[in-house]
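Colleague: Please find one structure pasted underneath; my questions will follow.
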Amino acid sequence: MNTVPDTARVFFAFWPTDEARRALAEWQAALTKICGGRVMRPDTLHATLVFLGEVATDRLEALKLAAEEVSAPRFDVSFDQARYWGHNHILCAAPGAVPQQLAQLVHELEGNLKRHRFAFDQREYQPHVTLLRNARWRDEALPGMLPVRWDIRDFVLLQSVQQNNEVKYRVLARFPLGDGLPFPG
């Protein structure tokens, strides 16, 4: 009997360093006091680049190839704003300004995925790290938080796996970014 699933629920993301993860967890503690909600487990914190959803397992190698074809420099991003999305009651950390290198990386990755005939969520990219779910807030600014500077040296292909009524993320592959100097901006 074949026990290997025919599909895998996958997405590309930035996977934080331990230092960034700790700093984002501090945001969670402060924001939960004013917004309530369910705190995302620290081991699940990430910033999605492109969400694909269910992909046939026999296409995962082609998916990795599409990501390996991305040519982008390393860069830094500063998550310096807490944002509340009322339509789905999510509170997240987001950069006040999206680095040009990040926008370029997402654009190139999406182009490669299209060329390799992968379907994915196509929407305006809004970099964020979900910190709280089921949060409640008003349409006013959230308090300022200490910026979390994240050195982006690679991105990952993650698989979302349901285990014991919890979602866990498994890193399937890492894709290093170039050593060259970042683009200005």
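The numbers here are math on the coordinates, done by the rules we state, and not lab data. Only a predicted model underlies this, so the values are computations on that prediction, with no experimental measurement involved. Positions of Cβ are backbone-derived with ideal geometry, glycine not excepted, and every protein chain shown enters the neighbour counts.
Colleague: Taking every pair of alpha-carbon atoms in the range 7-176, give the share separated by more than 30 Å as a whole percent.
Modeller: 17
Colleague: For the range 1-74 and the range 121-185, write down the distance between their C-alpha centroids in whole Å.
Modeller: So the two Cα centres are separated by 7 Å.
Colleague: At 7 Å along Cα-to-Cβ for each site, give me the label-to-label distance between Arg174 and Arg22 in nm.
Modeller: 1.9
Colleague: Distances longer than 16 Å among the Cα atoms of the range 1-91: what percent of all pairs is that?
Modeller: Counting pairs separated by more than 16 Å, the tail of P(r) holds 68 percent.
Colleague: Across the range 62-68, in residue order, what do the Karplus-derived ³J(HN,Hα) couplings come to in whole Hz, using 6.51 cos²θ - 1.76 cosθ + 1.60 with θ = phi - 60° and x for Gly and Pro?
Modeller: Values, residue by residue: 5, 5, 5, 4, 4, 6, 5 Hz.
Colleague: What's the angle, to the nearest 10 degrees (0 to 90), between helix 100-115's Cα axis and the longest principal axis of the chain?
Modeller: Approximately 40 degrees, to the nearest 10.
Colleague: What are the lysines whose alpha-carbon lies under 22 Å from the alpha-carbon of Lys168, with same-chain residues fewer than 8 places away excluded?
Modeller: Lys64
Colleague: List every residue whose amide H lies under 5 Å from the amide H of Leu131, counting only residues 5 or more places away in sequence or on a different chain, with H placed 1.01 Å from N in the peptide plane.
Modeller: Sorted by chain and number, the residues that satisfy this are Leu91, Cys92, Ala93.
Colleague: While we're here: Quick one: angle between helix 18-35 and the longest Cα principal axis of the chain, in degrees between 0 and 90, rounded to 10, please.
Modeller: Once rounded, the angle reads 50 degrees.
Colleague: With a sphere of radius 14 Å drawn around the Cβ of Gly96, what net charge do the other residues whose Cβ falls strictly inside it have (Lys, Arg +1; Asp, Glu -1)?
Modeller: Residues near Gly96 contribute 0 overall.
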